[in-house]
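Contents: one structure, followed by commentary.
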Amino acid sequence: MNSPSSSTSFVAALEAEYRQLSTEARKTEGFAGLFTSTDHPEIKEAAEKALLRIRSLADVPDANTQLAQCKELFRPLQLAADTRSPRLAGQALATAQKLLANSAASAEGAEAVLGMLTSAARLSDERVQLKCLQTALTLLQSPLHPITSAALGPLLGVCFGFLAAKGFKSTVTTTAAATVRQALALLLSYIREGEVEGVVVRVMSDLCSIAAGGEPVWLQTPSLPRTQVLELLEFVLATSPACFMDILGLQPIVAQTMPDLLRPQLQDHLDAGVAASAFATAHFPTLRAALRCVRTLLGTFHCQLGAGAGPLVQSLLSGLQAGQPNFQRVAVLHAVVLLLGDGPLLAWLGAKYDHDKASRSEPVRSLAEACLLVLESVEKGRDAEDDPLPAAMARALLGRPGSLEPDPGTGAATAAGQRAALAALALEGMSAFAVTLEGLAG
């Protein structure tokens with residue numbers, strides 16, 4: 001509950017906001033306003049009515065609660081957001097954001113904010129676009145956050161729209177990416193409320209469809225870059241694993257949809273690498289995003305994967321074959337090293353496959369042997385003019401982890417460096433495997 005002093009301070013700040021809106025509504029719009037009337041008397045009149053109501057509550061102890069019941073407050077904001085004026089729309093969104101953040105809005109007011117966002121999102125002004133994203137997040141964070149499909153659809157559509165649209169400044173797309181992540185994280189925290197579970201299931205299904213090259217069914221967004229979608233999927237899986245384990249509608253996403261999506265993705269990229277296709281280099285960030293998804297699926301959701309875990313491991317290991325370009329092999333080996341250091345995963349894979357006489361695959365053994373085979377292939381492929389591998393490996397191991405990140409654009413000049421990175425990672429994987437086995441045995 002707000003203290004009397006903070007409530008008084010908020011009312012004063014709110015009065016200044018509406019006074020500013022009234023002033024802005026009287027201004028002309030640019031050069032054209034010199035010749036035609038471009039002021040907005042209806043906004044000015046509505047803002048003046050809101051000001052009278054605000055002033056009447058200046059000395060009321062629970063002013064915020066009283067303000068939440070004032071329908072007059074959102075009328076000028078809605079009118080301003082419906083204009084084509086960036087300064088009016090931006091001012092309206094800023095005021096709406098302040099009302100939401102200070103619990104001075106009702107459910108009806110929150111619905112009005114949603115309509116304002118849809119209107120203001122059509123403007124091409126960068127400041128308005130950023131304010132739309134900030135206001136959308138404030139709405140989702142407030143106790144009045146929408147929980148129906150009808151309300152969440154347009155709200156997510158605004159956020160994804162800024163992420164997908166071409167021609168926007170990098171500031172807008174970067175902010176949109178962060179907003180979308182936070183929005184999905186918030187929805188997963190509200191998943192037991194209203195229709196949120198169904199919304200999350202539809203969003204996840206649409207993201208998987210986009211990542212597979214299809215179109216979204218429910219999500220109101222243009223198609224998104226595949227790399228972005230895979231990164232978003234991995235973020236959601238990594239930050240909210242309990243939802244995908246416990247919520248019935250989300251369980252098939254990790255048990256079937258994601259593995260079925262990732263196996264052909266890996267194969268396409270790895271086949272392109274063997275063929276020395278330009279696709280492999282141009283879309284290398286997508287491969288890395290897919291590898292992170294595979295790593296998260298195997299590390300966190302192996303129990304949910306069941307019989308699908310073994311084939312996913314084999315798809316991953318196919319990227320370490322000698323015919324693959326080294327930049328792809330290094331990326332795959334990064335994932336393998338992390339898996340070899342995952343005790344619960346190795347214990348589960350061993351019980352499910354390696355120790356089962358009826359099983360035809362041994363994923364734990366295959367992961368460990370892959371590191372040894374990489375070392376052997378590196379030694380066989382070493383050129384006479386290469387630096388001694390032990391010294392190169394030592395330099396790689398002493399460097400930061402990021403120094404081993406592959407670069408598809410490297411070329412012959414750094415071939416020895418790529419081989420050294422492979423050898424260093426292979427040694428790291430074998431060491432991680434030994435430590436993990438020791439921990440499991442103890």
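Readers should treat all values here as calculations from the given coordinates under stated rules, not as data from a laboratory. Given the structure is predicted, the values throughout are model-derived calculations rather than measurements. Please note: Cβ atoms are built from the backbone with ideal geometry, for glycine as well, and neighbour counts cover all protein chains shown.
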Whats the longest run of the chain with zero trypsin sites (Lys or Arg not before Pro) that are DSSP loop and have at most 15 other Cβ atoms within 10 Å?
193-356
Over what distance in Å are the Cα centres of the stretch 54-79 and the stretch 199-278 separated?
45
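Using Cα pairs closer than 8 Å and at least 6 residues apart in sequence, work out the relative contact order for the stretch 232-298, in percent. Intermediate values should be presented prior to the final figure.
Details: 37 pairs, mean separation 25.1, N = 67.
Rounded, it is 37 percent for the stretch 232-298.
Per DSSP H run of at least 4 residues, take -39500 (n - 2.57); add these up for the chain, divide by its residues and hand me the 222 nm value, nearest 500 deg cm²/dmol. It would help to have the intermediate numbers written out before the result.
Details: 21 runs with 301 residues, N = 442.
Result for the chain, helices only: -22000 deg cm²/dmol.
Give the average over all directions of the projected area of the C-alpha convex hull of the chain, one decimal, in nm². All intermediate terms of the calculation are to be shown ahead of the outcome.
Numbers: hull surface 110.3 nm².
With every direction weighted equally, the projected area is 27.6 nm².
Compute the relative contact order of the stretch 146-239 as a whole-number percentage, counting only Cα pairs closer than 8 Å that sit 6 or more residues apart in sequence.
Numbers: 97 pairs, mean separation 31.1, N = 94.
Relative contact order comes out at 33 percent.
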Angle between the Cα long axis of helix 107-120 and the longest principal axis of the chain, 0 to 90 degrees, nearest 10?
70
Can you compute the label reach from residue 111? Point 7 Å from Cα along the Cβ direction, backbone N cut-off under 15 Å, restricted to the stretch 81-101.
none
I'd like the projected area of the stretch 43-153, averaged over all directions, using the convex hull of its alpha carbons. Report it in nm² with one decimal.
6.5
Enter the angle in degrees (range 0 to 90, nearest 10) between the Cα long axis of helix 326-340 and the first principal axis of the Cα atoms of the chain, meaning the one along which they spread out most.
90
I need to check one value: relative contact order of the chain, counting alpha carbon pairs closer than 8 Å and at least 6 residues apart, in percent.
9
Over the Cα atoms of the stretch 146-239, what radius of gyration and what Dmax do you get, in Å?
12.4, 37
Place a label point 7 angstrom from the Cα of residue 275 along the Cα-to-Cβ direction, then list the residues of the stretch 185-217 whose backbone nitrogen is under 20 Å away.
212-214
Among the stretch 45-67, those whose backbone N falls under 20 Å of a label point 7 Å along Cα→Cβ from residue 12 are 51-67
Please compute the modelled spin-label separation between residue 251 and residue 170, points set 7 Å along Cα→Cβ, answer in nm with one decimal.
4.5
Using Cα atoms only, what is the angle between the long axis of helix 126-141 and the major principal axis of the chain, expressed in degrees (0 to 90) to the nearest 10?
80
Can you sort 336, 196, 294 by how many other beta carbons sit within 10 Å, fewest first?
196, 294, 336
Using a simple spin-label model with points 7 Å from Cα along the Cα→Cβ vector, what separation in nm is obtained for residue 441 and residue 84?
7.6
Per-residue Cβ neighbour rank within 10 angstrom, fewest leading, 430, 116, 245:
245, 430, 116
Measure out, as a whole number of angstrom, how far apart the alpha-carbon centroids of the stretch 86-104 and the stretch 144-188 sit.
18
Dipole of the chain [Lys/Arg +1, Asp/Glu -1 at C-beta], most positive-end residue of 279, 314, 176
176
Exposure proxy ranking, count of Cβ atoms within 10 Å, fewest first, for 170, 124:
170, 124
How many nm is it between the label spots at residue 431 and residue 58, if each spot is 7 Å from the Cα in line with the beta carbon?
7.0
Explain nothing, just the number: dipole magnitude of the chain about its Cα centre with +1 on each Lys and Arg Cβ and -1 on each Asp and Glu Cβ, in debye rounded to the nearest 20.
620
